[in-house]
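The values are calculated or read from the model by the stated rules, or taken from the named source; none is laboratory data. Because the structure is predicted, anything quoted here is derived from the model rather than measured. Quick reminder, even Gly has a Cβ in these numbers, built from the backbone with ideal geometry, and neighbours come from all protein chains shown. In case anyone asks, the SASA skips ligands and DNA or RNA and just uses the protein heavy atoms, side chains included. Shrake-Rupley method; radii C 1.70, N 1.55, O 1.52, S 1.80 Å.
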Amino acid sequence: MGFQQGLSGLNAAAQNLNVIGNNVANASTVGFKQSQAQFADVYASTLGGSGGLAAGIGTKVSTVAQQFGQGNISVTDNPLDIAISGQGFYQLDNNGAIAYSRNGQFQLDKNGFIVNAQGHKLTGFAANPLTGAISLGSAVPLQVSTQSLTPLPSSTSSVGVNLDSRMTVPTTSVFSAIDSTSYNSSTALTLYDSLGNSHIATTYFVKNATVNTWDVHMTVDGLGLDGTAATATNTLLGTSPTLTFNTTGALITPATGIVSVPGIVYATGSTTPQPLTFNFLSSSQFGAAFAVNKLTQNGYASGQLSGFNTSADGTIVGRYTNGQSKALGQILLTNFANPQGLQPVGNNEWIASASSGPALVGTPGTSSLGVVQSSAVEDSNVDLTAELVNMIMAQRVYQANAQTIKTEDAMMQTITNLR
């Protein structure tokens, strides 16, 4: 029987060396997960026996167990290199067939789909091409749209200024944008029409004869709000007095801080009157120099996609030449009750099996799923030093089993030579 035990040991050691060799060969493969040969003893099935003292008939490789431990994260300069930190797999679409991978080395194909080296498409939630809102629902292949960002006309503005309470009523009583003696302070911001054309809106603050009150005028491209030459009336925001403050410098009129313009008429670009609201709630009147603390508006011009990156929750955010950003989609990750049950199919991919259980899909950072990192890849989790030590041990085991066969052969030879 010694030959059988020794032969099984040789076979098991050889399979172990194959597993170790495969680990070593993939020590630099992005997203690779090492495997481990696990062994079991073998006994003959007999009836009766001698009290359980029967010698075994060798060993066998019971399974090659995949080890899904985390690999190191290495930084790259490719925004489509995306590493997973934690549990989970990318879900890839291969013409309807689903595969899973930890290799986050992606690129764009000619149609803008995010694909791996095999052309398999990364899946996730799509985004509304106009608003960037993520469309929750079924996973679809993610596609980066290079379509220009549609301009957004300005409709709201927030103005936070401090109006100097020490100021006096201007010496010129009738407002004129070209006469600095007819107003106390001014500031400017850029507005956008429905075509994305920019317009310079200048806001003028005029101390009113009534205590703690200010009139607010505005010109757009040097013209009144109706698109004609600026006058004291067609530049006035709201009804006079426009802004009123209490004795502590806080705004009390309008109570909400909102001043609405029914429709600004741009002399150039879009000729459609554009309603606009101004929020002065964060403005004040203190005994300090005029200062602009906040001056924002919500419009922007059209823009071209200039780049993108991926946030930790898998949202792919596009950056545009007009300074805006918009979500282009969101990556989904998949986990399994038993990842070791996944069936490897090569190219750093696995497919689900009955042993792995059904796919558990979610966004990065939720449930048991890890987060993702843009411009980074997950290295192989192979510990090369440990594998080289394992190789030496496997070699010793192989030699020892060969020695049992050699010894058995010598014993048989001795018996053969008996006379």
Practice task
State all residues of region 172-213 that are surrounded by fewer than 16 Cβ atoms within 10 Å (Cβ to Cβ), among the aliphatic types (A, V, I, L, M) and closer than 30 Å to GLY323 by Cα; if no residue qualifies, say none.
Solution key: ALA188, LEU195, ILE200
Practice task
Could you please let me know if GLY341 is in contact with a strand residue (DSSP E or B) (Cβ under 8 Å, 6 or more places away or on another chain) and either of a type in the set (Gly, Ala, Ser) or within 30 Å of ASP77 (Cα to Cα) (or both)?
Solution key: no
Practice task
Name the one entry in ALA83, ALA127, ALA99 that is surrounded by 13 or more Cβ atoms within 10 Å (Cβ to Cβ), over 30 Å from MET218 (Cα atoms) and modelled with pLDDT under 95.
Solution key: ALA127
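If you go through region 188-235 one residue at a time, how many are polar (S, T, N, Q) and under 44 Å from the mean Cα position of the chain (by Cα)?
7
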Fill in the blank from the handout: Residue hits (region 93-114; out of contact with any Pro (no Cβ under 7 Å at 6 or more places or on another chain) and either of a type in the set (Lys, Arg) or assigned to a strand (DSSP E or B) (or both)) are ASN94, ALA97, ILE98, ALA99, TYR100, SER101, ARG102, GLN105, GLN107, LEU108, LYS110, ILE114
Problem - The lone exception for GLN105 - which of (1) within 18 Å of the chain's Cα centre (by Cα); (2) open to solvent by less than 60 Å² (accessible area, probe 1.4 Å) it fails - result: (2)
Exercise for the section: Could you tell me which numbered condition THR244 fails, if it satisfies all but one of (1) open to solvent by 30 Å² or more (accessible area, probe 1.4 Å); (2) free of Cβ contacts under 8 Å to residues at least 60 places away in the same chain; (3) touching a strand residue (DSSP E or B) at 6+ places or on another chain (Cβ under 6 Å); (4) farther than 19 Å from SER157 by Cβ? Expected result: (1)
Practice task
Kindly establish whether GLY287 is touching a residue at least 40 places away in the same chain (Cβ under 8 Å), out of contact with any strand residue (DSSP E or B) (no Cβ under 7 Å at 6 or more places or on another chain) and closer than 30 Å to ASN184 by Cβ.
Solution key: yes
Handout entry: Residue identified as crowded, with 16+ Cβ neighbours inside 10 Å, touching a residue at least 12 places away in the same chain (Cβ under 8 Å) and either under 41 Å from the mean Cα position of the chain (by Cα) or over 16 Å from PHE278 (Cα atoms) (or both) among GLY249, GLY238
Key = GLY249
